1. Can you list residue pairs whose Cβ atoms sit under 8 Å apart, with the first residue in region 413-436 being outside the structural domain of ASP370 (by TED's automatic domain parsing) and more than 23 Å from ARG145 (Cβ to Cβ) and the second being among the β-branched types (Val, Ile, Thr) and surrounded by fewer than 17 Cβ atoms within 10 Å (Cβ to Cβ)? Count only pairs 6 or more apart in sequence or on different chains.
2. Which residues, taken from region 115-137, are part of a loop (DSSP other than H, G, I, E, B) and over 18 Å from PHE21 (Cα atoms)?
3. Could you check ARG143 against (1) in contact with a Lys or Arg (Cβ under 8 Å, 6 or more places away or on another chain); (2) over 30 Å from ARG274 (Cβ atoms) and say which number it fails?
4. Would you confirm, using the coordinates I've provided, whether ARG183 is among the charged types (D, E, K, R), in contact with an Asp or Glu (Cβ under 7 Å, 6 or more places away or on another chain) and either farther than 30 Å from ARG271 by Cα or without any contact (Cβ under 8 Å) to a residue 24 or more places away in the chain (or both)?
5. Tell me which residues, restricted to region 186-207, are under 18 Å from the mean Cα position of the chain (by Cα) and not in a loop (DSSP other than H, G, I, E, B).
6. Quickly run through region 113-142 and pick out the residues that are within 30 Å of GLU385 (Cβ to Cβ) and of a type outside the set (Gly, Ala, Ser).
7. Run GLY210 past the list (1) over 18 Å from the mean Cα position of the chain (by Cα); (2) at pLDDT below 95; (3) under 30 Å from SER334 (Cα atoms) and report the number of the one that doesn't hold.
8. Quick one: how many residues across region 216-244 are within 27 Å of GLU279 (Cβ to Cβ), among the charged types (D, E, K, R), touching a residue at least 40 places away in the same chain (Cβ under 8 Å) and part of a helix (DSSP H, G or I)?
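The values are calculated or read from the model by the stated rules, or taken from the named source; none is laboratory data. Since the model is a prediction, treat every value here as computed from it, not as a measurement. All Cβ positions, glycine included, derive from the backbone under ideal geometry; neighbour counts span all protein chains shown.
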Amino acid sequence: MKKIAVATLGCKVNQFESASFITGFREQGCEIVSSAEAADIFVINTCTVTARAGRQSRQLIRKIMRSNPDARLVVTGCYAQMAAEELLDIVSENPLAIVGNGNKHLLVETALADTQPDMVMLTGKISIKKDICPLPVRRFSGRTRAYLRIQDGCNNFCTYCIVPYTRGRSRSLPSTDVIDQVRVFVDEGYLELVVTGINVGKYGLDLEEGKDIYSLLDQLCREFPAMRFRLSSIEPTEVNDQLLELMTRHKNFMPHLHIPLQSGDDAVLARMNRRYTTETFVRAIQKVNTALPHCAIGCDILGGFPGEDEQAAENTLQLLRGLPITYLHVFPYSKRPGTPAATFKQQVPGPIKDERVARLRRLDQEKRQDFYRRHINTEHNILVERKNKKNGLLQGFSENYIPVRFKGPDSCIRTLVRVCISEIQEGIPQANLLEKPLQVSGTQQGF
């Protein structure tokens with residue numbers, strides 16, 4: 001029995017794909033071990049969305065090589081797709097297979113092949129791929145909620161982003177395959193599912209089914225009323241009345257949206273090739289807040305983009321301060337070779353960039369705490385994820401993505417329970433357990 005370790009960096013799509021690799025290895029009779037243990041084969045699912053992510057990918061590969069000099073390495077993901085030649089320089093002794101993003105469905109077969117040459121390269125030209133890799137998943141090890149990748153690739157070509165070059169054009173999973181995968185998760189006992197993709201709002205536009213993201217979500221909510229659904233991220237231009245009507249009508253569509261902005265200055269947005277204005281973003285946020293006042297709204301922000309002067313940075317800060325945003329994911333701009341922005345003039349010096357990012361992160365904390373305080377003395381259905389080892393409290397997330405801690409028996413873990421948020425301690429909402437585990441359908445938005 002071969003021992004397999006799978007290490008994953010990066011996004012929810014990578015996490016889904018790694019879960020599929022684990023499913024495939026287990027079906028072949030392999031033993032899955034942690035990446036800290038000795039293994040016959042190490043799969044490293046890499047990321048390169050930022051310079052830091054690329055560096056972390058290289059560091060992880062070197063670390064695994066040092067601790068497992070005889071193991072076979074199978075390197076996949078966005079760093080492998082973009083930097084196959086660099087990998088050849090890094091990996092000198094271990095047998096190596098490089099599997100590109102368009103060939104991930106071949107990874108298990110390649111790793112377990114009877115004939116194992118020292119070097120295998122399955123990268124290919126990702127830009128010409130027209131079909132999404134079929135990657136079925138049985139379980140997510142150690143996770144209470146499941147991820148479902150329904151789409152891959154991106155057609156937007158934002159000037160700072162390497163992803164279209166590493167993931168290719170937008171490709172969608174046929175709706176029958178989506179439904180089949182959800183049924184598997186239901187059979188495995190999952191109560192919550194995150195619908196994800198690289199540009200998930202473009203789901204179905206490349207298929208001939210007549211489906212889009214809205215009709216698919218409607219079908220999922222109707223056919224699986226006992227499953228809580230979340231949408232991972234959606235562009236401001238895709239937040240419309242149809243989406244909000246779905247969220248209002250279906251109680252198992254969680255009131256939580258992540259809507260990237262990147263900059264609150266129109267000139268910077270234009271240089272980013274984001275294809276919308278701040279006015280579009282403001283309208284989208286206001287629509288959500290009007291239709292679903294308790295909805296959590298997350299937002300991505302990129303600080304220090306080339307050409308962002310102090311006024312543009314201040315425009316971003318003031319725009320966000322005045323909107324009902326719940327939290328911010330703030331990233332410093334990272335120069336990615338091969339993207340247009342890497343050649344732009346007026347690159348922002350590191351210390352200035354760091355200061356702007358710090359201001360945005362302080363605003364993030366203010367926004368989170370304001371949202372939490374608004375929900376003191378409100379009741380919620382919590383999907384309990386685990387017990388905190390330090391304080392012995394159970395913890396999980398509400399429908400609108402509030403992290404909650406409370407006292408309760410271990411039997412609550414991996415179930416839905418009703419709680420009332422009582423106070424905020426050290427920035428974390430504390431709650432009191434009200435009821436026994438709940439059914440999902442028709443109970444989600446109990447504010």
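1. As it stands, the answer is SER422/ILE376; GLU423/ILE376; ILE424/ILE376, since those pairs meet every condition given.
2. Kept after step one, since they are part of a loop (DSSP other than H, G, I, E, B), are these residues of region 115-137: 115-118, 123-125, 129-137.
THR115, GLN116, PRO117, ASP118, GLY124, LYS125, LYS129, LYS130, ASP131, listed by residue number.
3. (1)
4. Numbers: among the charged types (D, E, K, R): yes; in contact with an Asp or Glu (Cβ under 7 Å, 6 or more places away or on another chain): no; either farther than 30 Å from ARG271 by Cα or without any contact (Cβ under 8 Å) to a residue 24 or more places away in the chain (or both): yes.
Here the answer is no, as ARG183 does not meet what is asked.
5. GLU192, LEU193, VAL194, VAL195, THR196, GLY197, VAL200, GLY201, LYS202
6. First, the residues of region 113-142 that are within 30 Å of GLU385 (Cβ to Cβ): 132-142.
The answer is ILE132, CYS133, PRO134, LEU135, PRO136, VAL137, ARG138, ARG139, PHE140.
7. (3)
8. Residues that pass the stated criteria total 1.
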